[in-house]
Every structure is written in C-alpha cells, then in structure tokens.
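Working notes for the structure below.
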Amino acid sequence: MFQGKSILDILQIGGFTMYVLLFCSLLSITVILEKLLYYRKISRPKRAEFMARIGRALKSNNFEKALAFCETSHAPISQVVHSGLELYGRPEKEISNAMERNIRMETARLERYTGVVGTIGSIAVYIGLFGTVLGIIHAFHDISVAGAGGMSIVIGGVAEALVCTAVGLSVAIPAVVAYNFFNRRVERFVDDMELCASELLDLMGAAKR
C-alpha cells in the first residue's frame, strides 16, 4: 500500500491530523530527553553516602563543611538538607517547615513538563482515531461522487485512513511509558528528600547534646 511513498506522502494521506500527531511526537520526544538528562544530572549523590558525610561533619560540629558539601551538588536532597542546615539553632518546627517547603519546590521542578507527556499519551490515540474517521468519510465520499466503487476501493481507502490510528498509537505508547517512568522517579526523589529531612533533624538534635 505504501511502497514507494515518502514520509511526506504518508503524512498527506492522513491529512492534517498526521501533522498534529507529528507535532505531538516531536514535543513528547523533546520533553522525554530533557527529563532523562535532568534526572541523570541530579541523581547523585546517593542518599546513604550523602547523609553519612553530613553526619560526620555534624558530629565534629563542622557546619560550614556540611553546608559546603551541600553546595557541591544540585541534587534535590542537597537543597533540602542545605535549607535545614541554614537554620541550625532555630526551633525544630521552623527547620522542619523550611525543609518541607523546599521539598515541595523541588518536587515541582521534578514534575515540570511531565504533564505534557502524560497528556500526549492520553490524547494521541484519539487524535489518530479522529484522523481515521475523517479518512473513512473522505473515502466513502469519493466513492459516492464517482458513482462507482468496489471492495478494492473501499479497503484501499480504509487502509490508508488507518495509518492515522497506527501513528497515534506509536506516539501514545512511548509517551505513556515515559510518563509512568517519570512518576516513579519523582516518587523516589520525594522519598529520599523526606528521609533526608527526617534524618537531618535527628543528627542536628544529637549534635546539640
């Protein structure tokens, strides 16, 4: 059916919905690559190793060293712990609130643009189906205008129209997989931040004694 046809020819077969799907695909790929690179950048240091170093610095009452270590990384846990260390000596509730606010801000950064991928994953299939319906309507309209038809003409028109559904699925499936993956990564980041905040409060309490 599509032998000898270029990508542009196939896009024209599907109509304007194919261009919408192409835009959705490019947008989805861009966001996916950006988030993967971002998550890879902020994945270090590991929580256990990070808090072990913070603990050693606090036991020696070297808060400047602990702060400096936090500043060497852009990881969410570093930002949360840094916000807590800056308030050392203040009431525990105040420190806890500051770290909780920081966790929310870091979570917002982690989730930025992931909703775009989730939306594309949800609507791409329907956009494809919409293009298919339009293609089928167009095929039957051509048959009625020509005043003649046949199984080969109907099947050919329907097959060409179904390309929209196929493209819609090819856009939606990777987007849904990526969106679920991003959600799991964000949950792990949030868990690490909350654990670090709780552990820091314990370490600061021990340092005061």
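The values are calculated or read from the model by the stated rules, or taken from the named source; none is laboratory data. Predicted, not measured: the structure shown is a model, and the values here were computed from it. Methodologically, a virtual Cβ is constructed for each residue, glycine included, from the backbone with ideal geometry; neighbour enumeration extends over all protein chains shown.
Here are some notes:
- Verdict on residue 132 being modelled with pLDDT under 95, of a type in the set (S, T, N, Q) and not in a loop (DSSP other than H, G, I, E, B): yes
- Among the residues of the stretch 21-51, those identified as of a type outside the set (A, V, I, L, M, F, W, C) and either touching a helix residue (DSSP H, G or I) at 6+ places or on another chain (Cβ under 8 Å) or assigned to a helix (DSSP H, G or I) (or both) are 25, 28, 30, 34, 35, 38, 39, 40, 41, 45, 47, 49.
- Subset of the stretch 60-92 that is of a type outside the set (A, V, I, L, M, F, W, C) and within 12 Å of residue 197 (Cα to Cα) - its residue that is surrounded by the most Cβ atoms within 10 Å (Cβ to Cβ): 84
- Evaluation of residue 101 against the conditions (1) of a type in the set (Lys, Arg); (2) exposed (fewer than 14 other Cβ atoms within 10 Å of the Cβ); (3) at pLDDT below 90 shows that the sole unmet condition is (3).
- Residue match in the stretch 171-186 (condition: small (Gly, Ala, Ser), modelled with pLDDT under 95 and part of a helix (DSSP H, G or I)): no
- Check on residue 33, free of Cβ contacts under 8 Å to residues at least 60 places away in the same chain and surrounded by fewer than 14 Cβ atoms within 10 Å (Cβ to Cβ): yes
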